[in-house]
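Below is one structure, written out as C-alpha cells; comments come after it.
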Amino acid sequence: MDMDDTSEQQQVAFAMHTFERIHHTEFQRRFLSQNTRHDGRAFSQFRATHVTKGTVSTAQGSSTVRIGNTTVVCGIKAEVSEPDVKTPNEGYLVTNVELSPMCSARFRPGAPSDEAQVASEHIHRLFGKAVDLATLCIESGQAVWSLSADIVCLKYDGNILDTAILALVAALEDLRLPEAQLDSATGVVSADRTIARQLTLRKRLFPATFALVDTYLVADADDAEEQLATTSVLVVLDDSGRLANIWKRGACPVSNETIHQCIESAVERAETISKTL
Amino acid sequence: MPRPDRRENDQIRALHSILGLLNRVDGSAQFSAGSTSVYCGVYGPVDVKVYDEKLDRAVIEVKFRPAAGVSGTKDRWVESAVRGTFEREILAQMHPRTLIQINIQAREDDGSADAAAINATTMALVDAGVPLRDMVAAASCAVLADGAAVVDPTLEEAAAAQSVHTFAFAGSDIGRAGSGGASGSTSPVYVDSRGDFSVADYDRCYDLCLRSAQRVLAFMRTAIEGKIAKESQISVV
C-alpha cells in the first residue's frame with residue numbers, strides 16, 4: 001500500500017455532525033464568518049420564548065419558561081417565619097437556582113456548582129428591589145412571609161440567566177398568598193386559604209443576554225455557542241424602559257459602543273417578551 | 001447636597017496600600033480606600049490537581065473570604081467577577097499545567113469592596129511576578145436619590161443610592177483614553193451596574209469611573225515603583 005500517495009490525494013469528507021463533533025470551534029466559526037449561526041438564526045435573533053404560569057399546583061406560585069431548548073421550572077413556596085431584627089417589617093425572598101446533572105452532562109451531582117451559586121446570587125440581588133418586601137409582613141416584628149423560589153433547570157441549552165429571571169418574574173406574578181393573621185394570645189399564625197392575595201411587583205424585569213464569540217456579538221447564545229464565548233453582557237430592563245442591570249463579565253474587554261448596542265437590542269427584546277409574559 | 005464625609009462628588013477616598021506584607025505567599029498586597037480594606041495573597045505558578053489541569057495554560061482560582069461570618073453565595077459571586085476580570089490579563093499560556101491561586105480576604109467593607117478586591121488583586125499579582133498583559137484598575141460610582149453621581153460610595157451612600165456602578169479597565173486602555181476621559185474609545189473589562197437607572201446615568205457613571213480608575217492606576221504605579229526602587233537600593237548595598 002502506498003500510504004504517502006493516498007494521504008496526499010485523499011479528500012476528507014465528513015458528515016456535518018462529524019465535523020461538529022471533532023472540530024467544534026471551527027464548525028461554529030464557519031457559520032459566524034458567513035454572518036449566520038449554526039441553528040440558522042441572525043446574530044441579533046433570540047430563540048422562541050414560551051412562558052406558562054401556574055404549572056406546579058402544589059406551589060403558591062409557579063411558572064415554566066422555555067427559551068429554545070432551555071427549560072426552567074420555578075416554584076415559589078411561602079412559609080411563615082420570624083423577621084430579621086434589623087428589618088422587622090420585611091419578609092424574605094430566597095432564590096435558588098438548581099443546575100443538576102439531569103439538565104446537562106456539564107453539571108455534576110453534589111453541592112451546587114459555582115455557576116449555580118453565582119446565578120442564584122445575581123438573581124437575588126436583582127429581585128431585592130423588584131419585590132416590595134414590606135408587603136410580605138404579617139405582624140411587625142412577629143411573623144412575615146418567607147418566599148423560597150426554587151428555579152430548577154430541566155433542559156440546559158445556554159442562557160440560563162435570562163430563562164431563570166423570566167421564570168421568577170412569571171412565578172411571582174402567579175403567586176397567591178392566603179390572608180394570614182397572627183393570634184397574639186397563642187402566637188399562632190392562621191391562614192385563610194379562601195382569600196388569595198396577589199403580590200404586586202414594583203417592576204417587571206426583562207432580561208437579554210449577549211455573548212461575544214470571537215469578535216461576533218450574538219444574542220441569546222445556546223450551549224454550543226456558550227462553550228466558545230469568553231464574554232457575556234446581560235442587560236435587564238424594567239417595564240418603564242429604565243435599566244435595572246448591566247453585567248459584563250468574562251475575559252474580553254467590550255467597547256462602550258458594543259454595550260450601547262446591547263442596550264438597544266435589549267429594549268427591542270423587552271418589547272417582544274412583555275407581550276408573551 | 002454635601003457628602004457625609006465632606007468629599008467632592010468626584011473625589012475618591014484616600015488610597016493606601018502595602019505590598020508584600022505577607023511572607024508565606026508569592027505575592028501579596030493590602031489595598032484600602034478610606035475604611036474599605038482588602039488583603040490579597042497570590043500563589044503561583046504552583047502545582048495543580050490533575051483533575052483541573054489544563055494542558056495549554058494555567059488554571060486561575062479565586063477565593064474570597066468575607067470580613068465576618070461564613071463564606072456564602074455572595075462571595076462566590078465576587079470570586080466569579082474577579083476571575084473573569086483577570087482571565088485574559090494573566091498570561092496563563094506562559095505557565096501551562098499549573099495553578100495561579102488568588103486569595104482575597106476582606107478586612108473591612110465600607111462600600112466599593114468589589115472594586116477594592118480587583119485593585120488589590122492587580123497589586124498582589126504584580127508583587128508575585130505573575131506575567132500580566134496589563135494592570136487592571138477598578139472604580140465604582142453611585143447615583144443618589146437626588147440624581148447626583150458620587151464616586152467611590154461608602155456603604156451608607158450605596159445603600160441609599162438609586163443605582164450603583166462598578167467598572168474595571170485595563171491600564172493601557174485607561175492611558176489611551178487620556179485625561180479627558182473620552183468614553184467612546186475605551187473598553188471596560190468588567191461592568192456591573194445595578195439599581196434603577198437610565199442610559200444617561202450609565203454614561204455619566206462610566207466617565208466618572210474611568211477618571212477615578214485613572215487615579216487608582218496612577219496610585220498603584222507609584223506604590224509599585226516605590227517598592228521596586230527600595231528593593232534595588234538594598235541589593236546594591
Residues of segment A:229-277 being more than 18 Å from the chain's Cα centre (by Cα), among the charged types (D, E, K, R) and within 8 Å of chain B (Cβ to nearest Cβ), in sequence order, are A:R242, A:E257
Report those strands (runs of 3 or more DSSP E) wholly inside segment A:94-200 carrying at least 2 residues which are under 22 Å from A:D222 (Cβ atoms). A:143-155
Taking the options B:A128, B:A92, B:A68, B:A58, name whichever one is out of contact with any His (no Cβ under 6 Å at 6 or more places or on another chain) and in contact (Cβ under 8 Å) with a residue 40 or more places away in the chain. B:A128
Residue count, segment A:219-260 (criterion: touching a Ser or Thr at 6+ places or on another chain (Cβ under 8 Å), touching a residue at least 40 places away in the same chain (Cβ under 8 Å), assigned to a strand (DSSP E or B) and among the aliphatic types (A, V, I, L, M)): 2
Which numbered condition trips up A:P207, out of (1) in a loop (DSSP other than H, G, I, E, B); (2) touching an Asp or Glu at 6+ places or on another chain (Cβ under 6 Å); (3) free of Cβ contacts under 8 Å to residues at least 60 places away in the same chain? (1)
Is it the case that segment A:195-209 has a residue that's of a type in the set (A, V, I, L, M, F, W, C), over 27 Å from A:E121 (Cβ atoms) and modelled with pLDDT under 95? yes
Please give the number of the condition B:A200 fails out of (1) assigned to a helix (DSSP H, G or I); (2) in contact (Cβ under 8 Å) with a residue 24 or more places away in the chain; (3) within 13 Å of chain A (Cβ to nearest Cβ); (4) of a type in the set (G, A, S). (2)
In segment A:29-57, how many residues are over 12 Å from A:A167 (Cβ atoms), β-branched (V, I, T) and touching a residue at least 12 places away in the same chain (Cβ under 8 Å)? 0
Test for A:I160: is it buried (at least 17 other Cβ atoms within 10 Å of the Cβ) and either within 26 Å of A:K77 (Cβ to Cβ) or polar (S, T, N, Q) (or both): yes
Please enumerate the residues belonging to segment B:130-167 that are of a type outside the set (G, A, S), assigned to a loop (DSSP other than H, G, I, E, B) and farther than 19 Å from B:W77 by Cβ. B:V130, B:P131, B:R133, B:D134, B:M135, B:L144, B:D146, B:D152, B:T154, B:Q162
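Any idea how many residues of segment B:28-69 are of a type outside the set (D, E), in a strand (DSSP E or B) and over 10 Å from B:T98 (Cα atoms)?
Qualifying residue count, segment B:28-69: 18.
The values are calculated or read from the model by the stated rules, or taken from the named source; none is laboratory data. These numbers were taken from a predicted model, which means no experiment stands behind them. So basically every Cβ, Gly included, is an ideal-geometry build from the backbone, and we count neighbours across all protein chains shown.
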